[in-house]
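S.K.: Take a look at this one; I'll ask things after.
The values are calculated or read from the model by the stated rules, or taken from the named source; none is laboratory data. Quick caveat, the model's predicted, so the values are computed rather than measured. Don't worry about glycine lacking a Cβ; one is built from the backbone with ideal geometry, like all the others, and counts go over all protein chains shown. The area values use the complete protein model at the heavy-atom level, side chains included, leaving out ligands, DNA and RNA. Shrake-Rupley method; radii C 1.70, N 1.55, O 1.52, S 1.80 Å.
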Amino acid sequence: MAAPLCVQLEFGGGAELLFDGVRKHQVTLPIQPGPWDIRCLLVWIKENLLKERLELFMQGDSVRPGILVLINEADWELMGELDYQLQDQDNVVFISTLHGG
Amino acid sequence: MKCKEGPPVLIIRVGDAFCKACFKDYFVHKFRATLGKNRCIFPGEKVLLAFSGGPASSAMVRQVQEGLSRDAAKKLRFKPGIVFVDEGAVCGQDLGKRREVHSQVEMILRATGFPFHLVHLEEVFDLPGSILRSISHNATDDSQSYKEAVDGFIRRQQQQQSERTGDSLPGQLSELSVRCPPGKEAVEVPGPLSVSHTAELTHLFRAVKTLTAKEELLQTLRNHLILHVARTNGYTKVMMGDSCTRVAVKLLANLCLGRGAFLAGDTGFSDSRHGDVLVLRPMREYSAKEIAFYNRLFGVPAVFTPSLDTKVRGAALHRSSPPVPAAQIQRPCSPPPPAPGRPPHYPLISFLYKLQSEFPATISTVYRTGEKLGTTPRDAGGDAEPERCLLCLCHLDTSVVDGSSLQSTLLSEELCRKPPPSAGSGCCGGAPNETGCCRSSPTAGAVPSQAVLFPLLCYSCRLTVKDMTCLEPLPPYVHSEAERRQRRAAMKQEIQEFLLEDDLPAS
């Protein structure tokens, strides 16, 4: 149903360490029957990008508390969190605040 | 607070969204409000900003920049400088990586236009013993003198302004030169790294058995070094970038570490344990989320440096599991097996964040509870200058009072150390102590040294020192100051009978 989506993912604040130290990922999400929401995106990240230590990134079907999510430079809490439906060329940022400061 | 115009970009409190511009105003205002409320930075004073490269201290540096570039009425009036302590040697970075971090940090700091000092943690081996002394400084009625100082500063400024109304260009120029500190001399870049010191430092940290003690020791050494930079360069205030989230974690963690007596000093807005140099925490009203969003939205650069823990986590990972394709990791979020001697910070961070995600007031509640703690030192025994811990410079909390928890802790330790009863009738037949073979422990070499330091340390620092296999690798200034204190104590004992005591009962 949905066409392939191109989205940019970014990891910061130490979260990039779980992704081989790479901060920016330009990814193309494959066609799937339902729409791509953040919930699906997290599963996709878990299966395709995450290099190590799942428990440091996710908890249940969401991100671990302490990891902030920005969708197009805005707090995901304003966008419906897990239920936000991704659009083509969206920019999703994950910032860990667990590393201290 | 909500302008109802711009698109909302973030939520800090439930149902209270900010647009980007309002968030910036809110963030910048909070910094100035925190400083204004506490009234402890005098105009024209030199203030050292402790920059670690992390998000909170980066945001703090940006706030000072913002504050200094404002129009006169709202302008911050102090003179900032920045210090960065390179801890690469103990965090498992090689020289190449350290140099890379170094140049990154240097670039960021140069861009601020403030004078800055880059120092290596290795320099603790060259510190003077005086760093461990609290230099008393007679604080008069601060609120009164603050007002006077501000009035005087404003008057002087107006005078200067009126003097230069005639010729605007030179006036502007002099203003400029005030704003941009003379580049070359203000920048302190360390000389070539002393290889022997690096070896000494790694040796020191290898002698520490647990990660908790390592972390505590690192923090102590870092604070001493920052204090040294402040004292030698005439800074009278040091700003640390502890965020609200960090303060909350620190409150709970320090309780676990036996630092309960010092919570107020360790987490409060201002900390006067060093006497002449006041440590301030102006970021303590910002949550980690606010800081992360601010840095992201306004392009505040930060340098990611691994901590002691990052390295250990990585090492543990490589040891325990061969690389597994990510897709195969299906197991639910089981926490990693706790490493021995893991500091309480990490489980506490997870605990607080998890609670926070369901009860959004958790972190601020912990933080506000801590805020109620006072910093009034106990007047122990009416002594003029209470003893301070050799390492953390807090007032010693180790006077064993009847019924205190310290007393029971010491008692149970004593009982545990006693040789099992069977030994009494064993080889040496319970020979008078210290002569029998079962008394001498294999660590005999380290014991006297520990016994020497112990009376000079607070309870928590004793725990840290107890986790060290030997004490020789400690930097020389610790040893020399310990000796000095012992000599003084011995001398005091010697002349004790000739001293006139104040508190003699009136006869």
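S.K.: When the residues of the stretch B:270-293 are filtered to those that are under 13 Å from the mean Cα position of the chain (by Cα) and farther than 26 Å from B:Val303 by Cβ, which remaining residue is nearest to the other protein chains (Cβ to nearest Cβ)?
M.R.: Result: B:Ser270.
S.K.: Which one is nearest to B:Lys147 (Cα to Cα), of the residues in the stretch B:7-39 that are within 11 Å of chain A (Cβ to nearest Cβ) and not in a strand (DSSP E or B)?
M.R.: Only one residue tops the list, namely B:Phe23.
S.K.: Sticking with this one: Quick one: in the stretch B:99-129, of everything that is open to solvent by less than 60 Å² (accessible area, probe 1.4 Å) and either without any contact (Cβ under 8 Å) to a residue 40 or more places away in the chain or of a type in the set (S, T, N, Q) (or both), which residue is nearest to B:Val64 (Cα to Cα)?
M.R.: Applying the filter and picking the extreme gives B:Thr112.
S.K.: Take the conditions closer than 23 Å to B:Leu211 by Cα and modelled with pLDDT of 85 or more and apply them to B:Thr464. Does it pass?
M.R.: For B:Thr464, the condition - closer than 23 Å to B:Leu211 by Cα and modelled with pLDDT of 85 or more - is met.
S.K.: Something else now. Could you say which residue among B:Pro43, B:Pro80 is open to solvent by less than 70 Å² (accessible area, probe 1.4 Å), away from chain A (no Cβ under 14 Å) and assigned to a strand (DSSP E or B)?
M.R.: B:Pro80
S.K.: In the stretch A:58-79, what residues are at the interface with chain B (Cβ under 9 Å from one of its Cβ atoms), open to solvent by 20 Å² or more (accessible area, probe 1.4 Å) and either more than 21 Å from B:Tyr353 (Cβ to Cβ) or not polar (S, T, N, Q) (or both)?
M.R.: The answer is A:Gly60, A:Arg64, A:Pro65, A:Leu68, A:Glu73, A:Glu77, A:Leu78.
S.K.: Hey, another quick one. In the stretch B:10-40, which residues are in contact with a Pro (Cβ under 7 Å, 6 or more places away or on another chain) and buried (at least 16 other Cβ atoms within 10 Å of the Cβ)?
M.R.: B:Ala17, B:Phe18, B:Cys19, B:Phe31, B:Thr34, B:Leu35
S.K.: Suppose the filter is at pLDDT 50 or above, small (Gly, Ala, Ser) and over 24 Å from B:Leu390 (Cβ atoms); does B:Ser507 pass it?
M.R.: no
S.K.: Exactly one of (1) in contact with a Lys or Arg (Cβ under 8 Å, 6 or more places away or on another chain); (2) under 23 Å from B:Arg296 (Cα atoms) is unmet by A:Leu41. Its number?
M.R.: Condition (1) is where A:Leu41 drops out.
S.K.: Might you check whether a residue that is buried (at least 17 other Cβ atoms within 10 Å of the Cβ), outside any loop (DSSP other than H, G, I, E, B) and facing chain B (nearest Cβ under 9 Å) occurs anywhere in the stretch A:19-33?
M.R.: Scanning the stretch A:19-33 turns up no residue that is buried (at least 17 other Cβ atoms within 10 Å of the Cβ), outside any loop (DSSP other than H, G, I, E, B) and facing chain B (nearest Cβ under 9 Å).
S.K.: Sticking with this one: Given the conditions (1) surrounded by 15 or more Cβ atoms within 10 Å (Cβ to Cβ); (2) within 13 Å of chain B (Cβ to nearest Cβ); (3) under 24 Å from B:Leu355 (Cβ atoms); (4) under 13 Å from the mean Cα position of the chain (by Cα), report the number of the one that A:Ile38 does not fulfil.
M.R.: All conditions are met except number (2).
S.K.: Check the stretch B:254-269 and report whether any residue there is within 14 Å of chain A (Cβ to nearest Cβ), at negative phi, in a loop (DSSP other than H, G, I, E, B) and of a type in the set (Gly, Ala, Ser).
M.R.: So far as the stretch B:254-269 goes, no, none of its residues is within 14 Å of chain A (Cβ to nearest Cβ), at negative phi, in a loop (DSSP other than H, G, I, E, B) and of a type in the set (Gly, Ala, Ser).
S.K.: Report the residue count in the stretch B:200-232 for those that are surrounded by fewer than 19 Cβ atoms within 10 Å (Cβ to Cβ), over 20 Å from B:Gly275 (Cβ atoms) and polar (S, T, N, Q).
M.R.: Result for the stretch B:200-232: 2.
S.K.: Here is a follow-up. May I ask you to say which residue of A:Leu82, A:Leu49 is facing chain B (nearest Cβ under 9 Å) and either over 16 Å from B:Gln356 (Cβ atoms) or open to solvent by less than 50 Å² (accessible area, probe 1.4 Å) (or both)?
M.R.: A:Leu49
S.K.: Let me ask another. Of the residues B:Val229, B:Val178, B:Val238, B:Val187, which is at pLDDT below 90, among the β-branched types (Val, Ile, Thr) and under 16 Å from B:Phe51 (Cα atoms)?
M.R.: Exactly one residue qualifies, and that residue is B:Val187.
S.K.: Restricting attention to the stretch B:46-63, which residues are open to solvent by less than 20 Å² (accessible area, probe 1.4 Å), out of contact with any helix residue (DSSP H, G or I) (no Cβ under 7 Å at 6 or more places or on another chain) and either of a type outside the set (A, V, I, L, M, F, W, C) or free of Cβ contacts under 8 Å to residues at least 40 places away in the same chain (or both)?
M.R.: The answer is B:Gly54, B:Ser57.
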